[in-house]
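Chemist: First the structure, then my questions, so here it is.
Any read-out appearing in this document is the output of simple, stated calculations on the displayed coordinates, not a laboratory observation. The shown structure was predicted, so the numbers you read here are calculated from the model rather than taken from an experiment. A quick note on method: Cβ atoms are made from the backbone with ideal geometry, for glycine too, and the neighbour counts reach across all protein chains shown.
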C-alpha cells in the first residue's frame, strides 16, 4: 500500500519519490503530434516561460522530452507555475491553430 495521497498538498498528482518510474514509451498524444508539425513562428505569441516549458516538455527543437518533475527540479520554479505555463501556452497555440 502506498503512503502517497493523490493529489498531494501542492496539487501535484504524482508521488515525489526518487525511484519514481515514468513510462515514456506510451502513446504519443495529440499535442505532441501537432507541435512537432508546427508552422514557423508558432511560438512567437508565447512568453519565455511558456515557450521553455512546452519545448522542454515535448522534446521539441531536438531536446529530449522532460517530465514536469524534471522541469521543476531544473528550473527551480513551483510546480503550479509550470502547470500554469504549460496550460496557458498550449491554449494559446490551440487558438492560433484553430
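Chemist: Could you give the length gained on full extension between residue 94 and residue 61, defined as 0.36 nm per residue of separation minus the Cα-Cα distance, in nm?
Modeler: 10.0 nm
Chemist: What order, most packed first, do the peptides 81-91, 59-69 have when packing is the mean number of other Cβ atoms within 10 Å of each residue?
Modeler: Answer by packing, highest mean first, reads 81-91, 59-69.
Chemist: Can you tell me how much longer the chain between residue 47 and residue 77 gets when fully stretched, taken as 0.36 nm per residue apart minus their C-alpha distance, in nm with one decimal?
Modeler: Taking residue 47 through residue 77 to full extension adds about 9.3 nm, to one decimal.
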